[in-house]
1. Could you list, in sequence order, the residues of segment B:14-67 that are among the β-branched types (Val, Ile, Thr), within 12 Å of chain A (Cβ to nearest Cβ) and without any contact (Cβ under 8 Å) to a residue 24 or more places away in the chain?
2. Restricting attention to strands (runs of 3 or more DSSP E) lying wholly within segment A:28-90, give those where 2 or more residues are touching a helix residue (DSSP H, G or I) at 6+ places or on another chain (Cβ under 8 Å) and either away from chain B (no Cβ under 14 Å) or open to solvent by 60 Å² or more (accessible area, probe 1.4 Å) (or both).
3. Could you tell me how many of the residues in segment A:85-113 are more than 29 Å from B:Asn30 (Cβ to Cβ) and at pLDDT below 95?
4. Residue check, B:Cys89 against (1) in contact with a Gly (Cβ under 8 Å, 6 or more places away or on another chain); (2) more than 30 Å from A:Leu110 (Cβ to Cβ); (3) of a type outside the set (A, V, I, L, M), all met but one. Which one?
5. Quick one: how many residues across segment B:64-85 are surrounded by 18 or more Cβ atoms within 10 Å (Cβ to Cβ), on the phi < 0 side of the Ramachandran plot and assigned to a strand (DSSP E or B)?
6. How many of the residues making up segment B:1-13 are under 14 Å from the mean Cα position of the chain (by Cα) and either open to solvent by 80 Å² or more (accessible area, probe 1.4 Å) or free of Cβ contacts under 8 Å to residues at least 12 places away in the same chain (or both)?
7. For A:Gln22, work out the one condition from (1) surrounded by 20 or more Cβ atoms within 10 Å (Cβ to Cβ); (2) out of contact with any helix residue (DSSP H, G or I) (no Cβ under 8 Å at 6 or more places or on another chain); (3) farther than 19 Å from B:Tyr99 by Cβ it doesn't fulfil.
Amino acid sequence: NAGVTQTPKFRILKIGQSMTLQCTQDMNHNYMYWYRQDPGMGLKLIYYSVGAGITDKGEVPNGYNVSRSTTEDFPLRLELAAPSQTSVYFCASSSDRGNQPQHFGDGTRLSIL
Amino acid sequence: GQQLNQSPQSMFIQEGEDVSMNCTSSSIFNTWLWYKQEPGEGPVLLIALYKAGELTSNGRLTAQFGITRKDSFLNISASIPSDVGIYFCAGLPSGTYKYIFGTGTRLKVLA
């Protein structure tokens with residue numbers, strides 16, 4: 001029972017490089033989320049999706065893009081990496097009812113140097 | 001944006017002691033969740049609360065949805081070393097499906 005799977009687990013990027021953080025879930029959840037977690041802080045919502053083809057900005061979307069072509073996958077793209085994007089990124093999903101708990105992946109630890 | 005105040009920020013306790021932590025908000029929430037995060041892993045759901053006044057247990061953990069709907073509490077009884085981790089609360093404001101997360105309580109248990 002895989003749940004929410006994130007790849008890669010770790011990555012180091014140079015300033016200005018781009019990359020895609022992958023997230024896939026096998027629970028047939030329509031709602032999916034991307035968060036970043038900075039040291040000593042709570043989770044900040046970057047983008048979310050309520051179903052395939054539908055995405056919307058969260059609290060801190062600048063510098064990121066997302067797409068949702070399938071129910072299972074919700075990749076997060078960094079186009080021009082900046083040191084401020086050094087963080088741990090978590091993907092989460094939940095079932096259709098809006099108040100259902102979110103299930104998290106194990107995170108991607110990203111350093112921009 | 002909306003924020004949750006979670007306290008304490010950190011706790012050092014002796015094995016066997018009970019632990020209490022809480023989250024408060026200036027807004028009314030419809031749902032409260034409590035998660036635990038261990039190093040190198042994502043948050044794992046411990047308890048979900050859906051009604052004001054609700055009291056729910058999960059083993060040695062008990063959480064309550066505050067009667068004002070602006071706070072929630074988590075208690076851990078008879079702590080053990082594997083309770084170490086960061087505990088996060090998350091609240092769902094009325095009319096949205098975007099949870100707000102607290103900044104976490106770091107728990108360390110001394111054997």
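1. Matches in segment B:14-67: B:Val44 only.
2. Result: empty, no element qualifies.
3. Narrowing segment A:85-113 to residues more than 29 Å from B:Asn30 (Cβ to Cβ): A:85-86, A:108-113.
Filter again for at pLDDT below 95, leaving A:113.
Of the residues in that region, 1 qualify.
4. (2)
5. 7
6. The total comes to 2.
7. (1)
The values are calculated or read from the model by the stated rules, or taken from the named source; none is laboratory data. These figures come from a predicted structure and were not determined experimentally. Backbone-built Cβ (ideal geometry, glycine too); neighbour counts: all protein chains shown. Keep in mind that these areas ignore ligands, DNA and RNA; they rest on the heavy atoms of the full protein, side chains included. Shrake-Rupley method; radii C 1.70, N 1.55, O 1.52, S 1.80 Å.
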